[in-house]
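Below you'll find the structure, written out as structure tokens, and then a few comments.
The values are calculated or read from the model by the stated rules, or taken from the named source; none is laboratory data. Since the model is a prediction, treat every value here as computed from it, not as a measurement. Here the Cβ is made from the backbone with ideal geometry for all residues, glycine too, and neighbour counts use every protein chain on show. SASA here: full protein model, heavy atoms, side chains in, ligands and nucleic acids out. Shrake-Rupley method; radii C 1.70, N 1.55, O 1.52, S 1.80 Å.
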Amino acid sequence: MMADVTSTVKSILKDKIVISVAAGYPFEKFEEILLPGTHHISTIPNTPVSVGEGIFICENRHSLSGSELALVENIFSKIALMQFVDTNQLSIAGTVSGCGPAFASMFLEALADAAVMHGLTRDTAYSLAAQMIAGTGMLQLKTGAHPGAMKDAVCSPGGTTIRGVAALERGGLRAAVINAVDAAEYC
């Protein structure tokens, strides 16, 4: 529908900065449907931008001027990590960051369900699970630590965490996550 929608407004868009959030529409497709010389960039934001903690995947190839790109970065970096990727990486980056909140929410819900099963209130369980996910993500971003090293740092020999990690491995957590990304990417 992008060609039909833009056909009615492309003369208006010619003098604007066009920031696309349309999945599957990289730079080249917009070059075909917009007027020549229209300044545009293709992006894929995720839902956490609504609370200032999101991701904006941006295609490296765009037609913005340096000052226009700086303006876009200035605006969106306030609510998101701006990650520029090559066109051939746009889809997978969008899948990881765009579908990831659903996958993480399922993990959060399952962790909270387990906590409720062991006596925590639902509100407390959700708060603890959500903050744990947010904090672990921030720890990785701030330190750059490998996720495996972060896992190992809380796995004492014969301890509770390594027993839980082993149960997740037996349950196929890694394979399930990889399969989910594959399913989203190859639909």
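Remarks
- Hydrodynamic radius of the chain by the Kirkwood approach over all distinct alpha-carbon pairs: 19.2 Å.
- Under the Karplus curve 6.51 cos²θ - 1.76 cosθ + 1.60, θ = phi - 60°, whole-Hz ³J(HN,Hα) for the stretch 128-135, x wherever Gly or Pro sits: 5, 5, 5, 5, 4, 5, 4, x
- Surface analysis of the chain yields an accessible area of 63 Å² per residue, using protein heavy atoms and a 1.4 Å probe.
- Accessible surface of the stretch 98-182, 1.4 Å probe, proportion on carbon and sulfur as whole %: 67
- Theoretical ellipticity at 222 nm over the chain - DSSP helices of four or more residues, -39500 (n - 2.57) apiece, nearest 500: -16500 deg cm²/dmol
- If you count Lys pairs in the chain whose Cα atoms are under 19 Å apart, skipping same-chain pairs closer than 8 places in sequence, the total is 5.
- Each Cα pair under 8 Å and six or more residues apart adds its sequence gap; the mean of these over the residue count of the chain is a relative contact order of 14 percent.
- Fraction of antiparallel bridges per DSSP, the stretch 20-161 only, in percent to nearest 5: 30
- Cut-off under 5 Å, modelled amide H: who pairs with ALA80 long-range: GLY54
- Radius 15 Å from Cβ of PRO45, net charge of other residues (Lys, Arg +1; Asp, Glu -1): -2
- Average Cα contact separation per residue, the stretch 1-85, under 8 Å, 6 or more apart, as relative contact order %: 26
- Computed over the Cα atoms of the stretch 1-84, pair by distinct pair, the Kirkwood hydrodynamic radius stands at 13.2 angstrom.
- Restricting the stretch 1-110 to trypsin sites (Lys or Arg not before Pro) that sit in a DSSP loop and have at most 13 other Cβ atoms within 10 Å of their own Cβ leaves LYS16, LYS78.
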